[in-house]
Amino acid sequence: MRDVLRRERREQRAVLRDACHEMRTPVAAVRALVRAARREGGLDAAQRDEALRLVEEHAEQLAALLEDLSVFADGTDGAPPLHRTDAWLSDVVRGATDAAGLPPSRLRLRVADSAAFVRIDVPSVRQVLTNLVENSRRYGDPEGVVDVEADAGRGLLSLVVRDRPAAAAVPPVGQGLGTAIVERAVRRLGGRMSSGPDDGGGRVVRVDVPVPGGARPLA
């Protein structure tokens with residue numbers, strides 16, 4: 001129990017450090033835009049429109065970070081028990097990736113034939129996959145492609161998310177709070193998560209979650 005508490009405290013400190021680091025950039029950008037607007041002569045109409053667009057973009061980034069912090073702070077305290085239902089995995093995967101806001105041109109999906117109906121906690125699995133794809137959108141190469149693979153063979157639901165940069169030399173710039181949220185959700189599901197560099201120069205994350213009864217074909 002003591003080891004678990006130590007691990008959670010270390011995890012919380014790391015997440016807070018990451019959050020502070022990630023918030024510095026949009027805050028500094030908004031300050032610079034405000035100073036530019038206040039300078040003598042100010043901004044012309046085109047510059048003002050561009051400045052407002054950038055302020056809105058940075059505000060949305062901050063809002064997303066705050067939402068991630070809120071989800072992480074909630075943790076598993078007071079979380080409802082897992083509620084597994086039969087779900088068509090391809091629908092779950094598409095719903096989760098749609099929620100991540102990645103343009104279709106940057107997304108490649110592959111759901112294995114074996115993944116028909118699976119008994120899973122749908123909201124938790126969606127949260128895991130949405131956060132992984134959102135992380136790729138936020139921190140990967142903005143011109144790159146994200147590969148998402150799902151399979152439910154051998155009693156495990158396996159989700160693999162790969163960043164594929166447009167240029168092999170472009171590394172991911174961070175991992176974000178989404179990773180910490182995913183790790184907690186995966187532990188709650190009784191699964192495991194691994195991540196590391198991919199051969200193509202990006203990053204690959206794999207999540208394995210037990211599926212009672214394995215995948216079943218559509219009746």
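Considering only the other residues whose Cβ falls under 12 Å of the Cβ of ARG164, what net charge follows from Lys and Arg at +1 and Asp and Glu at -1?
-2
Could you line up VAL148, VAL122, VAL34 from fewest to most neighbouring Cβ atoms inside 10 Å?
VAL34, VAL122, VAL148
How much net charge surrounds SER194 when only other residues with a Cβ under 10 Å from its Cβ are counted (Lys, Arg +1; Asp, Glu -1)?
Neighbourhood net charge equals +1.
Count charges around ASP121 for me, please; just the other residues with Cβ under 10 Å from its Cβ, Lys/Arg as +1, Asp/Glu as -1.
My count for the surroundings of ASP121 gives +4.
FYI, it's all coordinate maths here, none of it is from the lab. Bear in mind that the values here come from a model prediction, so they are computed numbers and not experimental data. So basically every Cβ, Gly included, is an ideal-geometry build from the backbone, and we count neighbours across all protein chains shown.
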